[in-house]
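Quick notes on the structure that follows.
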Amino acid sequence: MFWKVVLLIWMSAVIAAAFLLPAPQSQLGPASRIFFFHVPVAWVAVLAFLLSFVFSIMYLKTRKLDYDAKASTSSRLGLLFVILATISGSIFAKSTWGSFWNWDPRETSIFILLLIYGAYFALRSAVESRERRAALSSAYAIMAFVAVPFLVFVVPRVYLSLHPTTSVIDVRLQMQMPPAILITFLASLLGFTFLFIWMFNLERRINILAARQKEV
Amino acid sequence: MSSNLTAMIVTLIIWIGVFLYLLRLDRKVSRLEKNSKHA
């Protein structure tokens, strides 16, 4: 219970700091405050897909269904956080570029990512046998993750994009944020990561209970 | 009230709502786990 109360206070402080501190980018104005939520949510999505990739490899190595369940949970949460990143990105796009969706390389790449992981769940629901479903979806999750760094980090930097590319690190790969903004940003990253860990554990426990119920 | 403050209050309300939902779910799951252990 203690760490949950800490998380509540921590994230509340992050939210307060995000709105009370000066905007992170003066040219973009107050809309740039979304940076404190949009980037951590996108980071958690990448972390979730990475976990799904690792659990899928472990399933194929050991053939333990528990790893497949963990991979599925990670992917589901990854998809949720990608949707949150897309929504927060669209709000930012509306206030700075005038429309919610512009088919910018960053928006197109996140849309492809949504399709890729949407297909993962379509595949899972299409196969009835547990072992076959686990094997096929593990192979798919490994292939899907190969596209993640390319779609998240490479495509938006290779093509001309409206999306700010130097919000976190500049062209010399150095952080150029004032200390207060950097601390709030890192605190938000940590807070969202713990929120993900909590949600992951919770869903795992629910899945275990559901499996037990089915056996009964 | 400035728009910044309004946005902060709305975000805080959403966060507290999400937190309370997760906490309630966590407690329900713990109770079910206890019950299934005793069963």
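Residue check: A:PRO40 meets all listed conditions (1) of a type outside the set (Val, Ile, Thr); (2) more than 17 Å from the chain's Cα centre (by Cα); (3) over 26 Å from A:ARG130 (Cα atoms) but one, namely (2). Looking only at residues in segment A:178-209 that are at the interface with another protein chain (Cβ under 10 Å from one of its Cβ atoms) and of a type in the set (A, V, I, L, M), the one that is farthest from the chain's Cα centre (by Cα) is A:LEU209. Only a single criterion out of (1) facing chain B (nearest Cβ under 10 Å); (2) over 28 Å from A:ARG204 (Cα atoms) is not satisfied by A:MET1, namely (2).
A count restricted to segment B:12-39 and to residues that are out of contact with any Phe, Trp or Tyr (no Cβ under 7 Å at 6 or more places or on another chain) and facing chain A (nearest Cβ under 7 Å) stands at 10.
Yes or no, residue by residue, for (1) surrounded by 23 or more Cβ atoms within 10 Å (Cβ to Cβ); (2) at pLDDT below 90; (3) β-branched (Val, Ile, Thr); (4) within 21 Å of the chain's Cα centre (by Cα):
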residue	(1), (2), (3), (4)
A:VAL14	yes, no, yes, yes
A:ALA17	no, no, no, no
A:GLN25	no, yes, no, no
A:GLY29	no, yes, no, no
A:PHE35	yes, yes, no, yes
A:LEU51	no, no, no, yes
A:LEU60	no, no, no, no
A:ARG63	no, no, no, no
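Inspection of segment A:136-153 finds no residue satisfying the criterion of being within 14 Å of another protein chain (Cβ to nearest Cβ), modelled with pLDDT of 80 or more and in a helix (DSSP H, G or I).
Of the residues examined, A:SER12 is one that is in a helix (DSSP H, G or I), more than 30 Å from A:SER137 (Cβ to Cβ) and within 11 Å of another protein chain (Cβ to nearest Cβ). Here A:ALA31, A:ALA71 are screened, and the one residue that is touching a Phe, Trp or Tyr at 6+ places or on another chain (Cβ under 8 Å), aliphatic (A, V, I, L, M) and more than 14 Å from chain B (Cβ to nearest Cβ) is A:ALA71.
The values are calculated or read from the model by the stated rules, or taken from the named source; none is laboratory data. Please read these numbers as outputs of a predicted model, since none were measured by experiment. Every residue, glycine as well, gets a Cβ built from its backbone with ideal geometry; the counts of neighbours run over all protein chains shown.
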